[in-house]
């Protein structure tokens, strides 16, 4: 019996096969994410992995359903496994924002799901760091959020040679669009289609792009000139200045190719890419000042911004750059039981060492001394500890081969001194 | 738009309403679980929250479907949200056990789902610590697993006044059953029904139990005498001796009321209960030596045992015993920006402190000094730091009110000395 296509099992390292996923690498990534978000003063939240389908269609329109893991439950409810965290977060914030001081800085590490037509190796779930700020309309909040993204990436050992944040603005494109409309006298009713074309521009054949743009009254040449100039708007200037003040200027550049396909962004948008351009976007986000109002049916309204940062591309990048540590078994102490008459006091020793916070293992059943020692080595134990008799323990440092002997009660101190 | 019935949102503390769930308490529980399992040498794994329906019906029979969160996906597959972790684990172990040294000691913290008829306040999801050992048939493994459960409970501050492990054995009941069959000359084909009656005995009216038992050829009196005697089998003796050697004897008692309803247990079984009997079982588990073979269709076979330990009853118990810490916002440093001309170097200071591992926040936009200080207090900052000018920072310890001034480059040292 196999698992469902597109889902992952996570195994402890060392992995028996290179195509398996590592539970240790996953935990390493979660720890780094959590630690960076906390240093920035973000607090953790979580919501249900299942939500009413309506929550997602309200935000993204009915066309999202084609990509959702959705179904009808036994209570005849239309529900979906969450494809993204933002609608859940907007719902949660709308319900209780009055009781939280602003700005609200929250993060989560949800597992997200999608159901697209099956492609080989394509995953149907992944994990994401989601970080969001609510209640602050100043771009100082955008800078704070982008700084968190940069520092989270840096905490994995990635440098400005590895990644860059491409910074853009819906407002800049809106002005471009409005100006062009005014010049040509066209009706300005095709913003969404225009944004979609810009979003896909880098992956579209120029003649095809030219055709699509002219249909809306634009020339590809004008679009390319606007992108090549990359002139920062005042809001983007403010963000660049803010990040430079932190010493993070080298990690960010204005790049109007980025616009983010999702319709709900309202201001600054950004994406993190690997500098060599080998991978898909590492992370992306932006401002969505209207979403809380939309989700709450007008009951609450708060400016908001956030990003999502997935585990799959990050893992590929860390592997490619040699930045993923090895996570073999690791033990502080392996307790050797060579005399079965000493099993009871040896169990007490195991227990006392664990009580003192040590990671400890031992042979559950009688085994030859050489087999026990081999097991200690397989588990990468730093020390062995062995009762010589009921009142004497010998500890050995397996790197230095130093040994110390003393009373079992002082075993923890012997380890520290050995 | 509300969340689905039976699902939880997890908010950061302080909670705006007492009926909300705390993301901080959840993380506290996860950290304790993870830390205890690691001290015992258990390694973390995880699997998909969705599995083919067949994985669960193979293990538990078709009747389990009534309690499952199951549905047909877009690919016409019958699938279910996992109601327990053991079938997934058995599948994972069966697939790759040859590449892992025995005993395999693994743990996970899955979210589990069930879909029962809606009862007020009844949850449809919860989290569980699952710890399992594969490849060791000796009861020394059962003792190791029970010791982990005891120490995990103890790590929350719970004592033998708060909880007890009720230890039992399928083998003991099997002997009782076989003996009775032999004596009365009945056919021994109703084991499953008999075990189900014993499982529910404490919650069944005696006359009703008497009736059901006689139908199978048993007398309630005999059953009660067997339970009251509570005579340990040799396997249970060995576990009691093992736990006593560790100093954990006071946490465990033989209690044949426990039998665990699930049909797949094969040997020692146990449950953790609060001593006052106010709550449902805190945790439960036992041996299931046949499951790997069943799930793998005979391709692999390994003795196995494990327990599940949920977050909901634990949380109730910790609250009732006053053992759940408060988790208000907590900040190392709040950086005050009282002169907007110093915002750029203040951002650099914020950044440097975060780089040094400090949790740091500040006012994103200009604010009156008293408002900034109030915010520092709301966030329970340990220190404030304020640039006097570009080359001097003043740090203040908000508990002792001690202050230190120095160069911004030495801010981290100033905090340590203040």
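Here are a few things to note about the model shown:
- Rotation relating A and B, chain B residue nearest the axis via C-beta, angstrom: B:71, 2
- Here residue A:230 yields copy-to-copy label distances, from shortest upward, of 7.5 nm, the label point defined as 7 Å from Cα along Cα to C-beta.
- Per-q log10 I(q)/I(0), the range B:268-327, q = 0.20 Å⁻¹ (Debye; single scatterer per alpha-carbon; no solvent): -0.77
- Kirkwood Rh (inverse of mean 1/r, distinct Cα pairs), the range B:196-280, angstrom: 14.7
- Taking the longest Cα principal axis of chain A as reference, the axis of helix A:206-215 is set at about 50 degrees.
- Isotropically averaged projected area of the range A:67-189, using the convex hull of Cα atoms (one quarter of hull area), nm²: 13.7
- Legend: mean number of C-beta atoms from other chains within 10 angstrom of residue C-beta atoms, peptide A:236-247, equals 3.
- Gaussian network model of chain A, springs between alpha carbon atoms under 10 Å - residue of A:214, A:22, A:301 with greatest fluctuation: A:214
- Fewest-first sequence of A:257, A:351 by Cβ atoms within 10 Å of each Cβ: A:257, A:351
- Gap separating the Cα centres of the range B:144-195 and the range A:39-71, nearest whole Å: 43
- Per residue of peptide A:98-107, the mean number of Cβ atoms on other chains within 10 Å of the residue Cβ is 3.
- If you take the alpha carbon atoms of the range A:1-153 and fit the smallest convex hull around them, that volume is 160 Å³ per residue.
- For chain B, relative contact order (Cα pairs under 8 Å, six or more residues apart, normalised by length) works out to 15 percent.
- Spacing of the two label points (7 Å from each Cα toward its C-beta) at residue A:371 and residue A:159, in nm: 5.0
- Fraction of C-alpha pairs exceeding 14 angstrom in the range A:71-135: 67 percent, rounded to a whole number.
- Projected label distance in nm at residue A:179 and residue B:224, using a 7 Å step from Cα toward the beta-carbon: 9.2
- Chain B: angle of helix B:311-320 to the longest principal axis, Cα-based, in degrees nearest 10: 70
- Calculated log₁₀ intensity ratio I(q)/I(0) where the Debye formula runs over C-alpha points of the range A:353-418, q = 0.17, 0.18, 0.19 Å⁻¹: -0.60, -0.68, -0.76
- Measure of compaction for the range B:261-397 (Cα Rg per 2.2 N^0.38 Å): 1.91
- Our estimate of slack between residue B:279 and residue B:378, defined as 0.36 nm per intervening residue step minus the Cα-Cα distance, is 32.0 nm.
- Normalised alpha carbon radius of gyration of the range B:29-117 [divisor 2.2 N^0.38 Å]: 1.24
- Folded to 0 to 90 degrees: helix B:170-184 orientation relative to chain B principal axis, Cα: 20
- In angstrom, the C-alpha Rg and Dmax of the range B:309-375 are 18.5, 55.
- Debye intensity ratio in log₁₀ form over the Cα atoms of chain B, taken at each q of 0.07, 0.12 Å⁻¹: -0.48, -1.04
- Stokes-Einstein D for the range B:142-186, Kirkwood Rh over Cα pairs, 10 °C, 1.306 mPa s (µm²/s): 121
- Protection proxy ranking, highest mean first, for peptides A:235-248, A:304-317, B:321-334: A:304-317, A:235-248, B:321-334, where packing is the per-residue count of other beta-carbon atoms within 10 Å, averaged.
- The calculated FRET efficiency for the pair residue B:2 and residue A:74, based on their C-beta separation and a Förster distance of 25 Å, comes to about 0.85.
- A label point on residue B:122, set 7 Å along the Cα-to-Cβ line, lies at 3.9 nm from each of its counterparts in the other copies, closest listed first.
- Computed from the C-beta positions of residue B:63 and residue A:407, the FRET efficiency with R₀ = 60 Å rounds to 0.60.
- Where labels lie 7 Å past Cα in the beta-carbon direction, separation of residue B:293 and residue B:19 in nm: 5.1
- Packing-based order for B:142-149, A:31-38, B:360-367, using average beta carbon neighbours within 10 Å, highest first: B:142-149, B:360-367, A:31-38
- Annotation for the range A:319-381 versus the range B:207-276: alpha-carbon center distance of 32 Å.
- Restricted to Cα atoms, the protein assembly as shown shows a radius of gyration and a Dmax of 30.1, 101 angstrom.
- Peptide B:30-43 - average C-beta neighbours from other chains (10 Å radius): 4
- Mean projected area of the convex hull spanned by the Cα atoms of the range A:2-48, taken over all viewing directions: 5.0 nm².
- Cα radius of gyration and Dmax for the range A:151-235 (Å): 15.8, 51
- Residue B:214 label point (Cα plus 7 Å toward Cβ) to equivalent points in the other copies: 9.6 nm, shortest first.
Taken together, the values in this text are just the output of simple stated rules run on the coordinates, not laboratory data. Note that the coordinates shown come from a computational prediction; the quantities given were computed from them, not determined experimentally. All Cβ positions, glycine included, derive from the backbone under ideal geometry; neighbour counts span all protein chains shown.
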